[in-house]
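A.B. asks: Structure below; questions to follow.
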Amino acid sequence: DAGVTQSPTHLIKTRGQHVTLRCSPISGHKSVSWYQQVLGQGPQFIFQYYEKEERGRGNFPDRFSARQFPNYSSELNVNALLLGDSALYLCASSLGQASYYGYTFGSGTRLTVV
Amino acid sequence: DAKTTQPPSMDCAEGRAANLPCNHSTISGNEYVYWYRQIHSQGPQYIIHGLKNNETNEMASLIITEDRKSSTLILPHATLRDTAVYYCIVEGSARQLTFGSGTQLTVLP
């Protein structure tokens with residue numbers, strides 16, 4: 001079975017630009033979460049989507065948005081990029097909403113803002 | 001959510017058991033203890049989780065003290081591929097994982 005797939009793997013953008021990151025969950029998983037990991041720190045929660053609805057949001061500005069499609073894949077959008085948005089963006093899928101279902105993470109998208 | 005305290009780094013000899021401690025003195029009754037690890041430049045990998053009882057799977061064992069204020073992750077026969085940052089996370093029914101700084105485990109040949 002394919003794991004969680006994310007695309008692209010690496011991306012370089014200029015300040016002020018917009019970026020879209022994509023995630024395909026494990027087949028049968030209905031929950032997708034997004035995390036940001038800045039170099040040297042643990043991942044930080046951005047969003048959770050379950051059954052195509054936003055179910056949780058972390059402490060991130062409105063420049064960050066996401067959506068989940070009928071096939072449960074998801075996109076993370078970031079507008080007006082700042083240098084501080086440079087990070088590894090991780091997608092995690094799960095059967096259900098709660099933590100005890102366990103999360104499977106993808107390998108991430110490395111975003112560099114210059 | 002309860003906070004966890006982990007040592008920033010540990011070393012372990014290859015083939016020996018690696019015992020990674022975690023303190024979570026403010027854990028509440030409905031909160032689980034989770035362990036994830038992250039090998040450099042990859043996404044975190046789920047290892048194990050538990051509520052009250054000790055748990056074992058093909059990767060590791062989780063020992064939770066009777067008062068639930070601390071736990072230990074045991075990798076029974078560490079290999080070089082177990083070198084990673086190990087995160088101990090305490091969460092209830094929350095819809096996210098709150099990662100701390102973790103423990104950098106280095107397995108030495």
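Please treat every number below as a calculation from the coordinates, not as lab data. What you see is a predicted model, and the numbers here were worked out from it, not measured in a lab. Positions of Cβ are generated from backbone atoms using ideal geometry, with glycine treated the same way; all protein chains shown enter the neighbour counts.
A.B. asks: Counting other Cβ atoms within 10 Å, which trypsin sites (Lys or Arg not before Pro) in the stretch A:39-69 have at most 16 and lie in a DSSP loop?
C.D. replies: Those satisfying the criteria are A:Lys52, A:Arg63.
A.B. asks: So what are the ³J(HN,Hα) numbers for the stretch B:72-87, from phi and the Karplus equation (6.51, -1.76, 1.60; θ = phi - 60°), rounded to whole Hz, Gly and Pro as x?
C.D. replies: Result, rounded to whole Hz: 9, 8, 10, 9, x, 9, 5, 10, 4, 6, 7, 5, 5, 8, 10, 10.
A.B. asks: Can you check what the net charge comes to around A:Gln36, using other residues whose Cβ is under 14 Å from the Cβ of A:Gln36 (Lys, Arg +1; Asp, Glu -1)?
C.D. replies: Summing Lys/Arg as +1 and Asp/Glu as -1 gives +2.
A.B. asks: Just how many pairs of Lys in the protein assembly as shown have C-alpha atoms closer than 23 Å, counting pairs that are eight or more places apart or on different chains?
C.D. replies: Step by step, the pairs that qualify in the protein assembly as shown add up to 4.
A.B. asks: Also, quick follow-up: In whole Hz and in residue order, list the ³J(HN,Hα) couplings for the stretch A:17-24 that follow from phi through the Karplus curve 6.51 cos²θ - 1.76 cosθ + 1.60, θ = phi - 60°; x for Gly and Pro.
C.D. replies: Working through the residues one at a time gives 6, 10, 9, 10, 10, 10, 9, 10 Hz.
A.B. asks: Arrange A:Cys91, B:Cys22 by Cβ neighbour counts within 10 Å, fewest through most, would you?
C.D. replies: Least crowded to most crowded, the residues run B:Cys22, A:Cys91.
A.B. asks: Taking C-beta distances below 4.7 angstrom as the pairing criterion, name the unpartnered cysteines of chain B, in sequence order.
C.D. replies: B:Cys12
A.B. asks: Taking the Cβ of A:Ser73 as the center, what net charge do the other residues with Cβ under 14 Å away carry, scoring Lys and Arg +1 and Asp and Glu -1?
C.D. replies: Spelling it out: positives minus negatives among the neighbours equals +2.
A.B. asks: Let me check against my output: what whole-number percent is the relative contact order of chain A, with C-alpha pairs under 8 Å and at least 6 apart?
C.D. replies: 37 percent
A.B. asks: With each label point set 7 Å from Cα along the Cα-Cβ vector, what nm distance links B:Ser101 and A:Thr5?
C.D. replies: Modelled inter-label distance: 3.8 nm.
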